[in-house]
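Laboratory data are not the source of any read-out in this text; all were calculated from the coordinates shown. It should be emphasised that the depicted structure is a prediction, and the values quoted were computed from it without experimental measurement. FYI the Cβ positions are ideal-geometry reconstructions off the backbone, even for glycines, and counts take in every protein chain you see.
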Amino acid sequence: MNSKEIAAMIGKRVWLRKVGYQLIYWTTLREWYIKNGLKRYRGSATGEPAVLDAGCGLGQHLYYCAQAHPEARVLGLEQDPQQVEDLAHFLQAERLPHARVECTDLTTWNCQDAYDVVLCGSVLEHIREDLVVLKKLAAALKPGGHLLLYVPSAERRVLPWLERRMQDDLRRSGKKYPHEHVRYYAPQELSVKVRSVGLQIVEQRITYGRWGRWAYDAVTSVQVCRFFKWIFPFYLFFVHPWVLVMMWMDTRSKNRTGNGLWMVACKPI
């Protein structure tokens with residue numbers, strides 16, 4: 001299921017959205033990198049910090065920032081009107097008046113020197129005009145603010161049958177990349193683009209290395225299985241604890257190659 005399908009299933013059910021957020025965190029390695037980054041860079045601002053989640057999707061990062069920073073001004077931007085409506089309902093139900101969500105296209109949105117932290121997680125790979133978006137996000141940062149980026153750099157599989165299935169799906173769909181991606185990012189390519197919009201790179205990590213890919217394939221194998229309902233309890237208790245260990249090892253490893261890229265950039269003062 002993609003994020004839109006998950007959002008449609010959750011709808012306006014508050015309890016189900018909270019459960020969904022937890023499941024996403026405990027089964028998706030990139031969430032560990034993003035949440036850890038938000039923890040480390042949230043204290044960079046003084047006074048009342050302002051946080052932007054550009055392309056907030058289901059809103060799990062927006063929700064985390066709103067809960068962790070009751071003193072902050074938190075904004076989420078999302079292009080899908082239904083997701084915006086459902087997320088706005090959720091934030092209201094959770095009594096988080098300092099957090100809000102707007103329906104907008106990142107390629108046309110404009111803001112200047114307004115945010116201490118801007119997160120753009122798993123978004124740029126879906127946008128053809130990615131450099132346009134990067135320029136707008138850089139402009140939205142206050143001097144000294146941080147841009148937190150997460151993008152995929154490949155889709156390498158460890159399990160051969162999953163690789164074959166992915167290639168078969170791509171051939172049937174006629175698409176070049178899976179998951180509605182329009183590109184992948186090599187570390188050097190993203191570095192050049194980020195520097196071209198006037199930002200300085202302060203952190204860069206390759207994610208989903210050897211251990212992360214094994215964890216990813218283990219989770220995916222269960223998700224795509226036709227007997228998911230029957231094997232999921234067995235997987236949850238006997239397999240997923242080992243998956244969590246592999247995810248943890250990925251965050252502690254210095255990966256030379258991998259499927260993802262985490263980057264933090266700063267706007268010069």
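Taking 20 Å as the cut-off for C-alpha to C-alpha distance, list the pairs among 39/136; 176/229; 135/267 that go past it.
Pairs exceeding 20 Å: 39/136; 176/229.
For the stretch 22-32, what does the Karplus curve 6.51 cos²θ - 1.76 cosθ + 1.60, with θ = phi - 60°, yield as ³J(HN,Hα) per residue in whole Hz, taken in order and with x for Gly and Pro?
5, 5, 4, 5, 7, 10, 10, 5, 4, 4, 5
Taking the simple approach of a point 7 Å from Cα along Cα-to-Cβ for both residue 4 and residue 111, what is their distance in nm?
Between residue 4 and residue 111, the label points sit 2.4 nm apart.
Can you tell me the dipole magnitude for the chain around its Cα centre, using point charges on the Cβ only (Lys, Arg +1; Asp, Glu -1), in Debye to the nearest 20?
The calculated dipole for the chain is roughly 800 debye.
Loop-only check: which trypsin sites (Lys or Arg not before Pro) in the stretch 202-258 are DSSP coil with at most 15 other Cβ within 10 angstrom?
226, 252, 254, 256
Return the long-range amide H neighbours of residue 203 (sequence gap of 5 or more, or a different chain), with a cut-off of under 5 Å between placed amide H atoms.
264
What does the charge dipole of the stretch 144-269 about its Cα centre add up to, to the nearest 20 debye, if the Cβ of each Lys and Arg holds +1 and the Cβ of each Asp and Glu holds -1?
With only Lys, Arg, Asp and Glu charged at Cβ, the dipole is about 220 debye.
Need the C-alpha centroid separation for the stretch 143-209 versus the stretch 18-39, integer Å.
18 Å
In straight Cα distance, which lysines are under 19 Å from residue 12, not counting same-chain residues fewer than 8 positions off?
Of all the lysines, those that pass the test against residue 12 - Cα under 19 Å, at least 8 places apart if same chain - are 4.
Which value at 222 nm does the chain reach when only helices count, each DSSP H run of 4 or more adding -39,500 (n - 2.57), with the total divided by all residues and rounded to the nearest 500 deg cm²/dmol?
It comes out at -14000 deg cm²/dmol, rounded to the nearest 500.
Residue-wise, which Karplus ³J(HN,Hα) couplings in Hz belong to the stretch 57-72, taking 6.51 cos²θ - 1.76 cosθ + 1.60, θ = phi - 60°, and x for glycine or proline?
x, 5, x, 5, 6, 4, 5, 4, 5, 5, 6, 6, 10, x, 8, 8
Hey, fewest Cβ within 10 Å first, where do 238, 232 land in order?
In order of increasing Cβ crowding within 10 Å: 238, 232.
Taking one equal scatterer on every alpha-carbon of the chain, how large is log10 of I(q)/I(0) by Debye at q = 0.11, 0.12 1/Å?
These q points yield log10 I(q)/I(0) values of -0.63, -0.76.
Out of residues 5 or more away from residue 144 or on other chains, whose amide H comes under 5 Å of its own, with H placed 1.01 Å from N in the peptide plane?
It is 267, 269, by chain and number.
Residue 252 versus residue 128, label points 7 Å from Cα toward the beta carbon: distance in nm?
In this crude spin-label approximation the distance works out to 4.5 nm.
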